[in-house]
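**Q** Have a look at the structure that comes next, please.
The values are calculated or read from the model by the stated rules, or taken from the named source; none is laboratory data. Every value quoted in this text rests on a predicted model; they were computed, and no experiment measured them. Neighbour counts run over all protein chains shown; Cβ positions are idealised from the backbone, glycine included. Each accessible area value is taken on the protein alone, full model and side chains, heavy atoms only, with ligands, DNA and RNA left out. Shrake-Rupley method; radii C 1.70, N 1.55, O 1.52, S 1.80 Å.
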Amino acid sequence: MPAPRILLTGATGYIASHTWLALQAAGFEVLGVDNFANSSPLVLQRLHELAGRAPAFEQLDCTDEPALRALLARERVDAVVHFAALKAVGESTARPLDYHANNLGALLALCRAMQGRGIRRLVFSSSATVYGRPERLPLAEDARLEAVNPYGRSKLVGEQILADLGAADPAWQSAVLRYFNPVGAHASGRIGEDPRGTPNNLMPYVAQVAVGRRPWLQVFGNDYETPDGTGVRDYIHVLDLAEGHVAALRRLLDAPGSFTVNLGTGRGHSVLEVVAAYAAASGRDIPYRIAPRRPGDVAACWADPALAERLLGWRAQRGLAAMCEDSWRWQSLNPQGFAAAGDA
Ligand SMILES: NC(=O)c1ccc[n+]([C@@H]2O[C@H](COP(=O)([O-])OP(=O)(O)OC[C@H]3O[C@@H](n4cnc5c(N)ncnc54)[C@H](O)[C@@H]3O)[C@@H](O)[C@H]2O)c1
């Protein structure tokens, strides 16, 4: 039996590039596609170097259904992991049509192209953002769902489309993975998160302050009802997240049915805890200033990860110190990200 072959969409992005290596390490074959809307082709060189073989890759826009159909007619694919999406919450509020056209357009085109070839196993990148404002913590999968911005709605509607598909045809199997806050990088320091423009998330911002690209961090709100007043989130190492995808795929390939699981650690850390851990990991000062709360931010959010452990036998292994150390190795070796990489 040949190894299962997995199509990764959004393959050169942050989470997908780490998942690519995890899948190969677990014995899967991988075929990647991306349109480079938010990633660099240099990722492919780094993957080649890290895996010791050339990655199978095609530049393709996932909203292009004919191109996906042609790809799936040419290539053997047993299951798909669909990462390709635009993900900036603020930008989604300013450009809702672009977000819905891309995120939902890509999902629809992909499912239709898969359907045409009888491929019915899909892992979908969802997000803890579908929980909106948590009513209680930790967040279990059956918590109330509420999307509060266009990006979140694109994920929630994506989940619903997959549920409709599974109801119409039980042969369709989907794994909806609700990620909490992915951070960190590959231990080699050769791939990592490389935000374009101002980072939207805390750890890449802190990393850029540590490396001297930005003068200080703005901490939005220190009057929340949390131990130190700053916002609390469930940060998960991207390598743990990558391994969660391997576990989800194994389950899809081995057992019938669909499932939705949280991928988080079950532990929350405040902004100031992250700042202190990053300062310790990097040996650098992280100057910060307190700014007003940002509209839409919740005080605290962390996962109940029990279902993922029960169903997939997966749990996050890496703590905050490792997340900061691995992020720092990537950031300090690549201060300008892939943009200024020497191996262009
Ligand atoms: N990083 C997070 O905090 C986070 C949290 C929850 C969920 N997610 C989801 O996880 C997935 C991966 O996120 P990431 O952080 O790696 O983001 P990323 O931007 O690094 O990766 C997404 C990749 O998809 C590609 N892409 C976008 N639209 C495409 C299209 N139409 N056709 C082909 N490629 C396309 C981009 O070029 C990029 O390489 C996304 O679906 C995102 O919404 C991310």
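**Q** Per-residue ellipticity at 222 nm for the chain, helices alone: DSSP H runs ≥ 4 residues times -39500 (n - 2.57), over residue total, nearest 500 deg cm²/dmol? Working shown, then result.
**A** Details: 11 runs with 138 residues, N = 344.
After summing the helix terms and dividing by residue count, I get -12500 deg cm²/dmol.
**Q** Which ³J(HN,Hα) values, rounded to whole Hz and listed in residue order, are derived for region 141-150 from phi using the Karplus coefficients 6.51, -1.76 and 1.60 in 6.51 cos²θ - 1.76 cosθ + 1.60 with θ = phi - 60°, glycine and proline given as x?
**A** Per-residue couplings from phi come out as 5, 8, 5, 4, 9, 6, 8, 10, 7, x Hz.
**Q** Assuming R0 = 56 Å, can you tell me the calculated FRET efficiency for the pair Ala51 and Asp223, based on Cβ-Cβ distance, to the nearest 0.05?
**A** Numbers: r = 47 Å, r/R0 = 0.84.
The value I calculate is 0.75.
**Q** Further, regarding this structure: Quick one: if the Förster radius is 25 Å, what FRET efficiency do Arg310 and Ala163 give, using the C-beta to C-beta distance and rounding to 0.05? Don't jump to the answer; show the numbers that get you there.
**A** Details: r = 21 Å, r/R0 = 0.83.
Calculated value: 0.75.
**Q** Around Ala56, which amide H atoms from residues at least 5 apart in sequence, or from another chain, sit under 5 Å from its own amide H, with H modelled in the peptide plane?
**A** HN-HN under 5 Å from Ala56: Gly32.
**Q** Can I ask one more? Positive end of the dipole of the chain, charges at C-beta (+1 Lys, Arg; -1 Asp, Glu), about the Cα centre: which of Thr198, Gly27, Trp314 has its Cα farthest in that direction?
**A** Result: Gly27.
**Q** Run the simple label-point estimate for Leu108 and Leu145 please: 7 Å along Cα→C-beta, distance reported in nm.
**A** With each label point 7 Å from Cα toward Cβ, the separation is 1.8 nm.
**Q** So how much slack lies between Ala37 and Ala339, counting 0.36 nm per residue of separation and subtracting their Cα-Cα distance, in nm? Each step should come with its number before you reach the end.
**A** Working: separation 302, 0.36 × 302 = 108.72 nm, distance 1.41 nm.
Extra length from Ala37 to Ala339 when fully extended: 107.3 nm.
**Q** Here's a follow-up. Contour minus end-to-end for Ser332 and Arg76, with contour as 0.36 nm per residue of separation and end-to-end as the Cα-Cα distance?
**A** Numbers: separation 256, 0.36 × 256 = 92.16 nm, distance 3.92 nm.
Residue separation times 0.36 nm, minus the Cα-Cα distance, leaves 88.2 nm.
**Q** So how strong a dipole does region 113-161 carry about its Cα centre when Lys and Arg Cβ are +1 and Asp and Glu Cβ are -1, to the nearest 20 debye? Can you show the working numbers first?
**A** Details: 8 positive and 5 negative charges, 48 e Å.
Computed charge dipole of region 113-161: roughly 240 debye.
**Q** From the backbone phi of region 202-210, what are the Karplus-calculated ³J(HN,Hα) couplings (6.51 cos²θ - 1.76 cosθ + 1.60, θ = phi - 60°) in whole Hz, Gly and Pro given as x?
**A** 4, 5, x, 5, 4, 4, 6, 5, 4
**Q** Under the Karplus relation 6.51 cos²θ - 1.76 cosθ + 1.60, θ = phi - 60°, what is the ordered set of whole-Hz ³J(HN,Hα) values for region 224-232, x standing for Gly and Pro?
**A** Whole-Hz 3J(HN,Hα) from phi for region 224-232: 7, 7, 9, x, 10, x, 9, x, 10.
**Q** At 1.4 Å probe size, with the rest of the protein present, what percent of the exposed accessible area of region 200-344 is carbon and sulfur atoms? Don't jump to the answer; show the numbers that get you there.
**A** Numbers: 3170 of 6600 Å².
That fraction is 48 percent.
**Q** With a 1.4 Å probe and every protein chain left in place, tell me how much accessible area Tyr205 has, in Å² to the nearest 10.
**A** Counting only protein heavy atoms, the figure is 50 Å².
**Q** Of all beta bridges DSSP finds with both residues in the chain, what is the antiparallel percent, to the nearest 5? Kindly include the intermediate steps, with their values, before the conclusion.
**A** Details: 2 of 40 bridges.
Here the antiparallel bridges make up roughly 5 percent for the chain.
**Q** How large, in percent, is the carbon and sulfur part of the accessible surface of region 33-141 at a probe radius of 1.4 Å?
**A** Details: 2410 of 4900 Å².
Answer for region 33-141 is 49 percent, counting heavy atoms of protein chains only.
**Q** Classify region 159-287 as rounded, prolate or oblate from the Cα gyration tensor: take a ≥ b ≥ c as the square roots of its eigenvalues, call it rounded if a/c is under 1.5, otherwise prolate when a/b beats b/c and oblate if not. Working shown, then result.
**A** Values: a/c = 2.69, a/b = 2.03, b/c = 1.32.
Because a/c hits 1.5 or more and a/b exceeds b/c, region 159-287 counts as prolate.
**Q** Against the longest alpha carbon principal axis of the chain, how many degrees, from 0 to 90 and to the nearest 10, is the axis of helix 42-51 turned?
**A** 80 degrees
**Q** Keeping all protein chains in place, calculate the accessible area per residue for the chain (probe 1.4 angstrom), answer in Å². Present the calculation step by step, with values, prior to reporting the outcome.
**A** Working: 14660 Å² over 344 residues.
That works out to 43 Å² per residue.
**Q** For a quick check: with amide H placed at 1.01 Å from N, whose amide H comes under 5 Å from Val123's, ignoring anything fewer than 5 positions away on the same chain?
**A** Residues meeting the criterion, in which the H sits 1.01 Å from N, are Val80, Val81, His82, Ala175.
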